[in-house]
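Beneath this line is the structure, given in structure tokens, with notes to follow.
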Amino acid sequence: MSTPARALIADLAGTFTELSRSGGAPDDPIGWPGYPDARATAAERSGETESVVVGEARVGDVPAVLIAWEFGFLGGSIGQQTGDRIEAAFARARERQLPVVSLIATGGSRMQHGMRALSQLQRIARASAAARADGVAQISVLRDPTTGGGWATLGASSDVVLGLPLAQVGFAGSRVRPATSPSEAYTVEAKLEWGQVDRVVQPDELRDVLSRWLRLLSSRSPDPAPPPAALRAVELPETGWDAVQAARASSRARAAEYLDSYFDWREDVQGDRVGEVDPGVLCGFGWRNGRAIAYAAQCGTATRPAGFRTAARLVRMASRLGIPVLTLVDTPGAANDAEAEQAGVGPAIAELFEAMATTTSPITTLVIGEGGSGGAMAFAAPEATWMAPDAYFSVTSPEAAAAILKRPLRDVPEIADRLRLRPQDLVGLGLTRGIVQP
């Protein structure tokens, strides 16, 4: 069984002020036989009067609203007064512009409330969406178990989804899922692998991780991120083919090195939330010079649909929270295999283009290696793109251009020159702002 709600709150929060416990409608809406006695027994055993405890807290140095499920109260089931309390918690978060942390441990809707219980999911979703529209950051922590409506509302919809090891996570609880389904599919580890969870956190690390995330997501800034300095002292290329070879060199600095040099510390988000993770794209938020900056960085591989969707999720989140964005471009292009087509690489690129075009947060881009075609352009900020001296940006790779133009491979170096893809060419054409130096 999960840690009791108040014990968990005591572990995580320096201070905690509970919101009112008052409920609304009667707690036995459909007259379920024996339910009042079961509820009284649950209250005596757990010490709680409902399946959630809500209030204002301070985690680290950041104030927040906590919604903590008490699994010992009727399996953390969601009933009428559960919805009342969660709705009140989000109202307080909107009023005070505080982030919300949901510490979830629930088996789902309360059967003894019938459809009244199921309707609470709509209330919870409305309250969460209204807070999101007001710029309230949301973090969920998936405890054991997180199933049913708890997973399908606050669990899965939060900006950042963390999970505790070995937690059971899934829409279907253990008593109703198909007998032939492997139990491994209903774990937080599986959800991490499938891009539905950002990180699995050890219990003794949870307080520090939450503190860092709350600090990041509560830091608003209207100023754009400065472009990173170049990490290698190299001469500008003489020819287009020289530029291509420099960008493809194994000695060139990669995205992770740039991010580690740029930020004091950082936390990653991962996954497209619909089943996939692209390890060739790093996304998250980092701390630099007293403020948060979001990042979406290509790592030199062909970017897959999940990478574009994860980056789009990152950009939309940063826009809503008022946090500037840094993107690092480094890809030979979008993945073009049959699997990528089936997974919707075209719609995924379109999704990122739209996110970049509509964001209200300033975006800064640095091309750190290969800038290949639309797969690279989707990550690039209009009018705020910079070049590293050992990078190039092109309508397509010289090899692909040769194939399109039906030219032999021996002409590839010449085509590279004609594409005007060197850093200095792009500055001269007015397509990039400048070339960064070490």
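The figures follow:
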quantity: Counted residues, the range 192-219 - those being part of a loop (DSSP other than H, G, I, E, B) and either in the same structural domain as PRO305 (by TED's automatic domain parsing) or surrounded by 15 or more Cβ atoms within 10 Å (Cβ to Cβ) (or both); calculated: 8
quantity: Residue in the range 65-98 that is surrounded by the fewest Cβ atoms within 10 Å (Cβ to Cβ), counting only those that are part of a helix (DSSP H, G or I) and among the β-branched types (Val, Ile, Thr); calculated: ILE86
quantity: Looking only at the range 159-183, and only at residues there that are at pLDDT 95 or above and part of a strand (DSSP E or B), the one that is surrounded by the fewest Cβ atoms within 10 Å (Cβ to Cβ); calculated: LEU162
quantity: Residue within the range 357-367 that is in the same structural domain as ASN289 (by TED's automatic domain parsing), touching a helix residue (DSSP H, G or I) at 6+ places or on another chain (Cβ under 6 Å) and among the hydrophobic types (A, V, I, L, M, F, W, C) present; calculated: no
quantity: Single residue of SER119, SER109, SER102 found to be surrounded by 24 or more Cβ atoms within 10 Å (Cβ to Cβ) and not β-branched (Val, Ile, Thr); calculated: SER102
quantity: Condition broken by THR239, with the remaining ones in (1) touching a helix residue (DSSP H, G or I) at 6+ places or on another chain (Cβ under 8 Å); (2) surrounded by 19 or more Cβ atoms within 10 Å (Cβ to Cβ); (3) among the polar types (S, T, N, Q) satisfied; calculated: (2)
quantity: Of all residues making up the range 123-161, the number that are among the acidic types (Asp, Glu) and within 19 Å of MET317 (Cβ to Cβ); calculated: 2
quantity: Tabulated pairs, the range 106-120, first over 16 Å from PRO33 (Cβ atoms), second basic (Lys, Arg), C-beta under 7 angstrom, 6+ apart or interchain; calculated: ALA117/ARG110
quantity: Of residues in the range 308-364 being in a strand (DSSP E or B) and touching a residue at least 60 places away in the same chain (Cβ under 8 Å), the one farthest from ALA292 (Cα to Cα); calculated: ASP330
quantity: Which listed residue, of PRO324, PRO389, PRO362, PRO347, is farther than 27 Å from PRO438 by Cα and not β-branched (Val, Ile, Thr); calculated: PRO347
quantity: Test: THR310 is crowded, with 24+ Cβ neighbours inside 10 Å, touching a strand residue (DSSP E or B) at 6+ places or on another chain (Cβ under 8 Å) and under 24 Å from ALA400 (Cβ atoms); calculated: no
quantity: Qualifying position, being in a strand (DSSP E or B) and either modelled with pLDDT of 95 or more or not assigned by TED's automatic domain parsing to the domain that holds SER394 (or both), among ALA292, ALA256; calculated: ALA292
quantity: Residue that is nearest to ALA129 (Cα to Cα) [pool: residues in the range 93-114 that are touching a helix residue (DSSP H, G or I) at 6+ places or on another chain (Cβ under 6 Å) and among the β-branched types (Val, Ile, Thr)]; calculated: VAL100
quantity: Boolean, GLU189 is within 18 Å of the chain's Cα centre (by Cα) and either among the charged types (D, E, K, R) or assigned to a strand (DSSP E or B) (or both); calculated: yes
quantity: Subset of the range 134-151 (residues that are modelled with pLDDT under 95 and either surrounded by fewer than 20 Cβ atoms within 10 Å (Cβ to Cβ) or in a helix (DSSP H, G or I) (or both)); calculated: GLY149, GLY150, TRP151
quantity: Among the candidates ALA381, ALA391, residue that is within 25 Å of the chain's Cα centre (by Cα) and not polar (S, T, N, Q); calculated: ALA381
quantity: Residue among THR365, THR396 that is closer than 24 Å to ARG309 by Cβ and at pLDDT below 95; calculated: THR396
quantity: From ARG215, ARG220, ARG207, residue being under 30 Å from ALA13 (Cα atoms) and touching a helix residue (DSSP H, G or I) at 6+ places or on another chain (Cβ under 6 Å); calculated: ARG207
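The values are calculated or read from the model by the stated rules, or taken from the named source; none is laboratory data. Every value quoted in this text rests on a predicted model; they were computed, and no experiment measured them. Every residue, glycine among them, receives a Cβ derived from its backbone with ideal geometry; neighbour counts consider all protein chains shown.
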